[in-house]
Amino acid sequence: MLDLTNVLAGPYCCYQLALLGAEVIKVERPGKGDLARELGGDPARNAAGMGISFLAQNAGKASITLDMKAPKGKALLKRLVSQSDVLVENFRPGVMDRLGLGFEALRSGNPRLVYCAISGFGADGPWKDNPAYDQIVQGVSGVMSITGDADSAPLRVGYPLADTVGGMTAAFAIAAALNADPRGGFLDISMTEAVISTMGWAVSNLLIGGVPPGAHGNENTTSAPSGTFATADTAINIAANRDEQWRSLARELGRDDLVAHADYATREDRKRNRHALRDALETVLTTRPAAHWVERLNRCGVPAGPVLSVADALATPQIAGRGLICDMPMGADVLQLAASPLRIDAMRPVPQTPPPELGADNARVWAELGLGEDEIRDLRREGVI
């Protein structure tokens, strides 16, 4: 796989496939490389070109540098493509065509090439030339309009949702294309469409039921009591979505009287009166800490869980015990990185090599392509690599 991408959506896509065994060669600009090398919460790493944002998505890859605007650079990319199965890029639509390196130009030298283009809005349409970052896509997709509550919406989701969903969608598409017969084709991945696809219930309630999605905060609008509730210390989530779960919840809290109350007799009744029902339940929930209620409710079959910080979530025996976060030696450092989110036959794919320094694999990759030492030295001196 040739990874020509920057920052997050494309690198995340290629990282997921690297974890599954793909040989990924990251093709970066000479001198600067992926912008993510300068991003993250550690200024010293940013200055060294190994920002945490880069480290998070690029383990298990090789890095080479190439100026794709230079005639010799274009020729070298075409040689790389001739020996590759997949190319992934996240430039604006048309950029690769203007360089003479678009899908049609490249597949003439490799008819089985899977070419994946990730962009904000897709390869056509009136928005195709607009620049798009995660923040923009969250806004135009409708996500922000239904995140938060009446006082806080529109609200951005707290991590780069659109980039990540777009990248995972691209990885899914590439895996499918590689299993097609015959292989090859152009994959047009719109981050906006990928996000809207994940909003299935909200979209279908609008299109089929005529019910406009709204910002309902921590409430699950499909049922009640289902949402976030106060306890004596921290908040918990309770999802008593079935009638039997509702009855078990009321019984566990010593509020059997609520089951017989006319306002809460059916699911629709409980949904209409969810705020009054919340107040009634919280009179009991706030008498004990979150850990007490999570243990008691789960034991009686009522889904419940604490609302955790990211640090606390990673430290739980559930997450830590299943090995999602792995240790990756990198020189004198040991990085903690997210491995694959899936397990195959009880084994979790983990990165095999640390994130690469910029151009770390130039000598090896270009030599494997057939270039001699003198040729590589000249290309480096000319700034092509």
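I need every pair where a residue in region 253-267 that is within 21 Å of THR287 (Cβ to Cβ) has its Cβ under 7 Å from the Cβ of a residue that is open to solvent by 80 Å² or more (accessible area, probe 1.4 Å) and not small (Gly, Ala, Ser), sequence separation at least 6 or different chains.
Matching pairs, first to second residue: VAL259/ARG247.
Show the residue pairs that are 6+ apart or on different chains and have beta-carbon atoms under 7 Å apart, the first residue being within region 123-148 and free of Cβ contacts under 8 Å to residues at least 24 places away in the same chain, the second being among the acidic types (Asp, Glu) and crowded, with 17+ Cβ neighbours inside 10 Å.
Sorted first by the residue in region 123-148, then by its partner, the list stays empty.
Please state which of the following conditions PRO30 fails to meet, knowing it meets all the rest: (1) open to solvent by 10 Å² or more (accessible area, probe 1.4 Å); (2) within 17 Å of PHE172 (Cβ to Cβ); (3) not in a helix (DSSP H, G or I).
Going through (1) open to solvent by 10 Å² or more (accessible area, probe 1.4 Å); (2) within 17 Å of PHE172 (Cβ to Cβ); (3) not in a helix (DSSP H, G or I) one by one, PRO30 breaks only (2).
From the list PRO154, PRO160, pick out the single residue that is at negative phi and open to solvent by 70 Å² or more (accessible area, probe 1.4 Å).
Criteria check complete, one pass: PRO154.
Can you name the condition, by its number, that LEU101 falls short on among (1) of a type outside the set (Asp, Glu); (2) open to solvent by 30 Å² or more (accessible area, probe 1.4 Å); (3) assigned to a loop (DSSP other than H, G, I, E, B); (4) over 30 Å from ALA338 (Cβ atoms)?
So the condition that LEU101 fails would be (2).
Going by the structure shown, is ASP181 within 30 Å of LEU113 (Cβ to Cβ), open to solvent by 60 Å² or more (accessible area, probe 1.4 Å) and out of contact with any Phe, Trp or Tyr (no Cβ under 7 Å at 6 or more places or on another chain)?
yes
Kindly indicate which of SER340, SER309 is touching a helix residue (DSSP H, G or I) at 6+ places or on another chain (Cβ under 7 Å) and under 30 Å from GLY167 (Cβ atoms).
From the options SER340, SER309, the qualifying one is SER340.
Considering only region 157-274, give the helices (runs of 4 or more DSSP H) lying wholly within it that have at least 2 residues that are under 30 Å from PHE121 (Cβ atoms).
Counting at least 2 such residues, we get 161-178, 191-198, 200-207.
For region 104-131, which positions are open to solvent by 30 Å² or more (accessible area, probe 1.4 Å), of a type in the set (A, V, I, L, M) and under 22 Å from the mean Cα position of the chain (by Cα)?
ALA123
Search region 311-339 for residues that are β-branched (Val, Ile, Thr) and pair each with any residue that is exposed (fewer than 12 other Cβ atoms within 10 Å of the Cβ) and at pLDDT 95 or above when their beta-carbon atoms are under 9 Å apart and the residues are at least 6 apart or on different chains.
Taking only residues 6 or more apart or on different chains, the pairs are ILE325/GLN336; VAL334/ASP327.
May I ask you to verify whether ALA22 is open to solvent by less than 20 Å² (accessible area, probe 1.4 Å), small (Gly, Ala, Ser) and out of contact with any strand residue (DSSP E or B) (no Cβ under 7 Å at 6 or more places or on another chain)?
So ALA22 fails the test.
Which residues, counting only those in region 224-238, are under 14 Å from ALA304 (Cβ atoms) and either crowded, with 18+ Cβ neighbours inside 10 Å or without any contact (Cβ under 8 Å) to a residue 24 or more places away in the chain (or both)?
Listed by number, the residues that qualify are PRO225, SER226, GLY227, PHE229, THR231, ILE236, ILE238.
The values are calculated or read from the model by the stated rules, or taken from the named source; none is laboratory data. On a predicted model such as this, the values are computed, not experimentally measured, just so you know. Glycine also receives a Cβ, built like all others from the backbone with ideal geometry; neighbour counts cover every protein chain displayed. When the accessible area is computed, the model is the full protein with side chains, heavy atoms only, and any ligands, DNA or RNA have been set aside. Shrake-Rupley method; radii C 1.70, N 1.55, O 1.52, S 1.80 Å.
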